[in-house]
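Structure first, then comments.
Only the coordinates and a few stated rules stand behind these numbers; no lab work does. Computed from a predicted model, the values in this text were never measured in an experiment. Reconstructed Cβ throughout: ideal geometry from the backbone, glycine too, with neighbour counts over all protein chains shown.
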Amino acid sequence: MQVILIFISALAFIFYGLLCLLTDHMKAEFSRYRLSQFRKLTGALELLGGTGLFVGTYYTPLLYLSAAGLSLLMFLGVLVRLKTKDPLFEIVPAFFLMLINLKILFSI
C-alpha cells in the first residue's frame, strides 16, 4: 500500500509541478492568489518533491524529507484556497495530497 501511495503522490506532484512551470492557466491562478512571485518556486518544489518520493523508496531520509515538504506545501495550498474562498471541489485535491504525504511520512 505504501508503494502505491508514493507512486500516486510522486506522479501527481511531477505533473502539477510541470503545469505550474509551463502553463498560462497556472500563471493566472498564481496571479489570482497574488502569489505570482512564488509560482516558479512552487513548481520546482513540486518537481523536486515528486522526484524525491521516487528516489526515497531507495533512500529513506529523502523519502522523509520529500513527504514532509510536500505535506507542508499542500497545507499552505489549502490555506491559500480557503483564504481566496475557492469552492470545496478545488480545495479537495490539495487536501488529499497533504493527507497522502502525511500517511507516507508517518508510515516510514
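I'd like to verify a number: residues in the stretch 85-108 that are in contact (Cβ under 8 Å) with a residue 24 or more places away in the chain and either touching a strand residue (DSSP E or B) at 6+ places or on another chain (Cβ under 9 Å) or charged (D, E, K, R) (or both), how many?
Qualifying residue count, the stretch 85-108: 1.
Determine if the stretch 59-70 includes at least one residue that is in contact with a Lys or Arg (Cβ under 9 Å, 6 or more places away or on another chain) and among the β-branched types (Val, Ile, Thr). Even if it seems obvious, please write down each step before you answer.
Filtering the stretch 59-70 down to residues in contact with a Lys or Arg (Cβ under 9 Å, 6 or more places away or on another chain) leaves 67.
Going one step further and asking which of them are among the β-branched types (Val, Ile, Thr), we end up with none.
For the stretch 59-70, residues in contact with a Lys or Arg (Cβ under 9 Å, 6 or more places away or on another chain) and among the β-branched types (Val, Ile, Thr): absent.
Out of everything in the stretch 69-108 that is surrounded by fewer than 16 Cβ atoms within 10 Å (Cβ to Cβ) and polar (S, T, N, Q), what residue ends up being farthest from Leu5 (Cα to Cα)?
In this case the residue turns out to be Thr84.
Would you be able to tell me the number of residues in the stretch 21-44 that are touching a helix residue (DSSP H, G or I) at 6+ places or on another chain (Cβ under 8 Å), of a type outside the set (Phe, Trp, Tyr) and either surrounded by 12 or more Cβ atoms within 10 Å (Cβ to Cβ) or assigned to a loop (DSSP other than H, G, I, E, B) (or both)?
Residues in the stretch 21-44 being touching a helix residue (DSSP H, G or I) at 6+ places or on another chain (Cβ under 8 Å), of a type outside the set (Phe, Trp, Tyr) and either surrounded by 12 or more Cβ atoms within 10 Å (Cβ to Cβ) or assigned to a loop (DSSP other than H, G, I, E, B) (or both): 10 in total.
From Leu18, Leu47, grab the single residue that is part of a helix (DSSP H, G or I), surrounded by fewer than 16 Cβ atoms within 10 Å (Cβ to Cβ) and within 13 Å of the chain's Cα centre (by Cα).
Values: Leu47 fails: surrounded by fewer than 16 Cβ atoms within 10 Å (Cβ to Cβ).
Just a single option satisfies the conditions, and that option is Leu18.
For the stretch 55-97, which residues satisfy the criterion of being farther than 21 Å from Lys40 by Cα and outside any helix (DSSP H, G or I)?
Thr57, Tyr58, Tyr59, Lys85, Asp86, Pro87
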